[in-house]
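Rule-based calculations on the coordinates, nothing more; no lab input. Predicted model, so just to flag it, every value in this text is computed and none were measured. Virtual Cβ from ideal backbone geometry, glycine too; neighbours counted across all protein chains shown.
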């Protein structure tokens, strides 16, 4: 039987045409919907779609626009535009002028707005690009900062970096809050000095040391506050062990600029020592310390990424700390190479960087101190 219709076309062809037309309508509708709503989430961490309430809360709490003191935009004046250049509001297209002050999106720095109203109106369209760019900027900062050890890792007498781990290769003095390498300590003893090799203060008993630490802590010396926190944490110098008090002091010291205090907070949250255990918060503190050159904290970031299965990111962290002379980091890169998660080039870089870092810590006095068992 002939299946043609009276108009001359086949029924199957007409049906196929109708299906194609319907498909086009569905796809077009989906694309329009996606462009307006399916946008990444950088500030709405709860997974919401960033409606007006979420955007308003974001602008209030996160400060997406750098300065919210702009002139208010009249209702209905902000109509999204397709392409307006970098010196115009991303939402309404107004160009910057004496009367229109454009402000960057603080999260991504990709776009500018003439005011908070435009930022809110444009948020759904901007979220995906903002999240992607903000993550990239965060990674650039994470892997490009903190590549060198901080000033506190250098002996104040010979000015050489102290080998890692520093506790094994140096002595910390409560009198001046300085960490002196064992080579300089030995050299001072050979010259007949029995007091501090740096400040010449005569060593006392535990009570004297505690009094010096407390006196400097009272003057807001961050290293003294950190030292007092460590003393509470371990119950030394006659103090009763108090991990919660230690965390309070670590926090104060970190706010005053102590890098080691940031790492100590990381360990406190990692193991729940004096605070409720919070591994995510621990990583935040390790990251802050690593960005300032703290090798052990960088190593902990690598371990965290490795546990998550992010072996490439882990290796990048280990490479940085290995080049600072951190032996465990070198071993991690070696293990990653042997397991196929790191390249031979990466292992070679780590090994050479580690060797250079270790060589920079060597001196005749330190070699002699090591030989004599100091």
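Quick look at the values:
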item	result
Between the range 329-374 and the range 111-151, the alpha-carbon center distance in angstrom	35
For a label point 7 Å along the Cα-to-beta-carbon line of residue 138, residues of the range 240-280 with backbone N under 14 Å	280
Gyration tensor (alpha-carbon) shape descriptor, the range 222-374, a/c threshold 1.5	oblate
337, 172 arranged by Cβ crowding within 10 Å, fewest neighbours leading	172, 337
Förster radius 25 Å - calculated FRET efficiency between residue 168 and residue 273, Cβ distance, rounded to 0.05	0.70
Cβ crowding within 10 Å averaged over residues, with 241-253, 348-360 ranked highest first	241-253, 348-360
Gyration tensor verdict on the range 215-289 (Cα atoms; rounded if a/c is under 1.5, prolate if a/b is larger than b/c, oblate otherwise)	oblate
Cα-based shape type of the range 149-203, given that a ≥ b ≥ c are square roots of the gyration tensor eigenvalues and the cut on a/c is 1.5	prolate
Length-normalised contact order for the range 79-210 - Cα pairs under 8 Å, 6+ apart - percent	12
Mean separation of Cα contacts under 8 Å, 6 or more apart, over the residue count of the range 172-305: relative contact order %	14
Ranking of 321, 99, 329 by count of other Cβ atoms within 10 Å, fewest first	99, 329, 321
Residues 333, 111, sorted so that the one with the fewest Cβ neighbours within 10 Å comes first	111, 333
The range 149-203: relative contact order as a whole-number percent, Cα under 8 Å and 6+ apart	27
